[in-house]
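Note sheet for the following structure.
The values are calculated or read from the model by the stated rules, or taken from the named source; none is laboratory data. Quantities reported herein were computed from a predicted structural model and do not represent experimental measurements. Virtual Cβ from ideal backbone geometry, glycine too; neighbours counted across all protein chains shown.
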Amino acid sequence: MSIEKPLSFDAIIAAAETLKGIARETPLLESALLNEQLGRRLLVKPECLQLTGSFKFRGAYNTLAGLPAAQRAQGVVAFSSGNHAQGVALAARMFDVPAVIIMPADAPRLKIDNTRSYGADVILYDRNTEDREAICRDLSESQGLTLVKPYDQVSVIAGQGTVGLEISQQCHAIGVTPNAVFVPCGGGGLTSGVATALSTASPETQVVGVEPSDFDDTVRSLDAGERLGVAAGGASACDALLSPMPGEITFPILQARDVRATSVTDDQAFQAMQVAYESLKLVAEPGGAVALAAALAPTFADYAGIDPTSTVVAVISGGNVDADMFARALLRAKQDG
């Protein structure tokens, strides 16, 4: 079994080398008209254009690439609501190894179908009555499969951190130092990876994790100084961000990197989906649009502790949204607008 070292900037640099020529280097996009409307500069990092439609491919591929060949050949197992599932499934197909993915039965049909199309064996479970991690452990032990976690694994976080590395390099190329980078936050893999990359590559930049308002466990955990779980009874259209609490590995990283956090409503996420579509011609899923929603909010500077005229980057983390949900989101955004 491979033993992972603690997360470091060097690990992210190594992940970037592993992913070079494999993952897409997604661009930084902006709209002059939108900037004029906002009265400030907003840059968008569209990981919805990444392979499998989300940043999750980066961490999945980096993890599989780091496994000993004999261990990798036995296959991998993962649990996911959809984006990590697709990332692991495609990475496994690239390495020609088996993949078993545990997915909630109420996951978006597009995500389930796409995961199967990459060749993975999908097992559905009831998220209200069954324990996905227990199912994974049983499969791992019985079939010799290696578990690839969705966020709480150093190799996964290092892969996700390449998003932050690219942001710093792309901003440097256009002569910009962003005052803040807004990042969608579920378990904290992307946020902690981006924060680790930027702490070295762009230390002046504040990282802000953004969650759905009913799943603001990271906001509350950072305020309390300890990991807290999701409050009972929450619901959100942001299916990609419904982790029960910050990760054991990711949370200390968020604390050490002085990450801030905030939350947005589903309606704000829908509004951001509309802006992404109309201003940047991008399709974002609700969970993928929360960082953009926070960056568009009039109070964005308060979240980040920066000047209201600051330049910010917002990561759109994914675009795997069913057509009916996308249509409903745009309709709701227009009604609210």
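Selection of first residues in the range 289-300 that are within 15 Å of GLN37 (Cα to Cα) and of second residues that are of a type in the set (Ser, Thr, Tyr), restricted to Cβ pairs under 8 Å at least 6 apart or on distinct chains, gives the following pairs, ordered by first then second residue: ALA297/TYR303.
Of the residues that make up the range 174-189, is at least one under 21 Å from the mean Cα position of the chain (by Cα), buried (at least 17 other Cβ atoms within 10 Å of the Cβ) and on the phi > 0 side of the Ramachandran plot? Scanning the range 174-189, I find at least one residue that is under 21 Å from the mean Cα position of the chain (by Cα), buried (at least 17 other Cβ atoms within 10 Å of the Cβ) and on the phi > 0 side of the Ramachandran plot, so the answer is yes.
Each row is one residue, and each column tells you yes or no for (1) more than 22 Å from THR115 (Cβ to Cβ); (2) among the aliphatic types (A, V, I, L, M); (3) not assigned by TED's automatic domain parsing to the domain that holds GLN86.
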site	(1), (2), (3)
LEU241	no, yes, yes
PHE251	yes, no, yes
ASP266	yes, no, yes
ALA294	yes, yes, yes
TYR303	yes, no, yes
ILE306	yes, yes, yes
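Residues in the range 293-337 that are assigned to a loop (DSSP other than H, G, I, E, B) and in contact with a helix residue (DSSP H, G or I) (Cβ under 6 Å, 6 or more places away or on another chain) were compared, and the one that is surrounded by the fewest Cβ atoms within 10 Å (Cβ to Cβ) is PRO308.
Residues of the range 32-85 that are in contact with a Leu (Cβ under 8 Å, 6 or more places away or on another chain), farther than 18 Å from VAL122 by Cα and among the polar types (S, T, N, Q): ASN35, ASN62.
Against the list (1) modelled with pLDDT under 95; (2) farther than 16 Å from SER81 by Cβ; (3) of a type outside the set (A, V, I, L, M), the condition GLY234 fails is (2).
If you go through the range 206-223 and keep only what is crowded, with 24+ Cβ neighbours inside 10 Å and either on the phi > 0 side of the Ramachandran plot or in contact (Cβ under 8 Å) with a residue 60 or more places away in the chain (or both), you end up with VAL208, VAL210, GLU211, PRO212. If the condition is being in contact (Cβ under 8 Å) with a residue 12 or more places away in the chain, assigned to a helix (DSSP H, G or I) and among the polar types (S, T, N, Q), then the range 26-61 contributes only THR52.
Regarding VAL230, is this residue touching a residue at least 24 places away in the same chain (Cβ under 8 Å) and either of a type in the set (A, V, I, L, M) or not assigned by TED's automatic domain parsing to the domain that holds GLU36 (or both)? Here the answer is no, as VAL230 does not meet what is asked. Across the range 261-290, the number of residues qualifying as in a helix (DSSP H, G or I) and hydrophobic (A, V, I, L, M, F, W, C) comes to 9.
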